[in-house]
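I have placed the structure first, in the form of structure tokens, so that the comments after it can refer back to it.
Only the coordinates and a few stated rules stand behind these numbers; no lab work does. What you see is a predicted model, and the numbers here were worked out from it, not measured in a lab. No Cβ is skipped: glycine too gets one built from the backbone with ideal geometry, and neighbour counts run over all protein chains shown.
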Amino acid sequence: MKGRILLVDDNADFLDSTKDVLEDEGYEVITATSGEEAVRKGTSECFHVIVMDIKMPGINGVEAFIKIKKKKPAVKVIMCTAYIVESLIREALALGAHAVLNKPFEMGLLIRTIDNALLQSKIESIILVADRDRKLCAMLRRVLTAHGHHVVVAHDGPAALEEAQRHAFNILLLESNLPGLTGLEVHHKVKARQPELLATIIMGPDSQMDEGGTPALPREVRLTGLSKPLDIPQLVELLDGICAAERV
Ligand SMILES: [Mg+2]
């Protein structure tokens, strides 16, 4: 999955055909047919990119964009319009819209613009999830991707290090007793090469944690423990907090 897109347009035909094209390109696409629906979905779920029609009945795309941005400042928004409403376009760009596309546009242009926005949005949180439990990894990938994080998975220590050579992760989520190398060993090796790493979360059974839920680990900045079974809402909140703090 290349990225999660919210596609907003009051024209159902445009919505259907564009959704098909974007899904063929490997994006996950959720649709909305009004500004109100866009605000509801855009503020309650996480998307990498929102493609928003400007002219819609009810609240227009620029108004919807402003409401979403208040709650989700990091989301990239591409505005689309068949009408040259200069004042609305200027307002959208001034408020941080990623781009404004004039309809009708080539699908290739839309895809390039989305890819470009994704490159910027992915930098914000790229997480390495390493755990021998494949089901757990698949579930974490699904949940964290839905919350706007880019996730790479590994199932043992050496594979985790290999991935860390390929990607500049900013968060590591590691099983404490990872096969091959422990989670802590992986953390030290990655941190030595990549001091800008934001946070490492070590996941382990309760017995390995102290009373505060912290593993018996050296006190390092943002090295934190999470006991298994994982409390997923707590994990999501922790990650959102780390990313939000770094964006300020
Ligand atoms: Mg329209």
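A DSSP coil position with no more than 12 other Cβ atoms inside 10 Å describes the following GluC sites (Glu not before Pro) in segment 86-144: 106.
On full extension, the segment bounded by residue 103 and residue 185 gains 24.3 nm, given 0.36 nm per residue less the C-alpha separation.
In order along segment 80-92, the Karplus-derived 3J(HN,Hα) couplings, from 6.51 cos²θ - 1.76 cosθ + 1.60 at θ = phi - 60°, round to 10, 8, 8, 10, 8, 9, 3, 5, 5, 5, 4, 4, 4 Hz, and Gly and Pro are given as x.
For the pair residue 116 and residue 135, label points projected 7 Å from Cα toward Cβ lie 4.5 nm apart. Can you tell me how segment 4-122 classifies by the Cα gyration tensor, rounded, prolate or oblate, using a/c under 1.5 as the rounded cut? Since a/c stays below 1.5, the shape of segment 4-122 is classed as rounded.
The long axis of helix 12-24 is offset from the longest Cα principal axis of the chain by roughly 40 degrees.
Neighbour counts of other Cβ atoms within 10 Å put 17, 227, 87 in the fewest-to-most order 87, 17, 227.
Could you tell me what percent of the DSSP beta bridges with both partners in the chain are antiparallel, to the nearest 5?
Details: 1 of 39 bridges.
If we restrict to bridges inside the chain, about 5 percent are antiparallel.
Please state the relative contact order of the chain as a whole percent: Cα pairs under 8 Å, 6+ residues apart?
On the way: 423 pairs, mean separation 29.9, N = 248.
Once normalised by length, the contact order is 12 percent.
Pairs of Cα atoms nearer than 8 Å and 6+ residues apart set the relative contact order; for segment 4-122 it is 23 percent. Which FRET efficiency value, to the nearest 0.05, do you get for residue 167 and residue 228 by plugging their Cβ-Cβ distance into 1/(1 + (r/R0)^6) with R0 = 25 Å? E(calc), rounded to 0.05, equals 0.50. Exposure proxy shown here: for 129, 29, 85, the number of other Cβ atoms within 10 Å sets the order, fewest to most, as 85, 29, 129.
From the square roots a ≥ b ≥ c of the eigenvalues of the alpha-carbon gyration tensor of segment 125-197, which class results: rounded (a/c under 1.5), prolate (a/b over b/c), or oblate? Could you put the intermediate results ahead of the total?
Values: a/c = 2.10, a/b = 1.18, b/c = 1.78.
Taking the square roots of the gyration eigenvalues as a ≥ b ≥ c, segment 125-197 is oblate.
Given the chain reduced to its alpha-carbon atoms as identical point scatterers, what log10 I(q)/I(0) does the Debye formula return at q = 0.14, 0.18 Å⁻¹? Debye curve over Cα of the chain, log10 I(q)/I(0) at q = 0.14, 0.18 Å⁻¹: -0.90, -1.24. In segment 66-207, a dipole from Cβ-located charges (positive for Lys and Arg, negative for Asp and Glu) runs towards its positive end, and of 128, 73, 183 it is 73 whose Cα lies farthest in that direction. Once the Cα atoms are used to define both axes, helix 134-146 deviates from the longest principal axis of the chain by about 40 degrees. Rounded to the nearest 20, the Cβ-based charge dipole of segment 5-160 about its Cα centre (Lys and Arg +1, Asp and Glu -1) stands at 660 debye.
Which of rounded, prolate, oblate describes segment 67-121, given a ≥ b ≥ c as roots of the alpha-carbon gyration tensor eigenvalues and a/c under 1.5 marking rounded, otherwise prolate only if a/b is larger than b/c?
Values: a/c = 2.49, a/b = 1.08, b/c = 2.32.
Verdict is oblate for segment 67-121.
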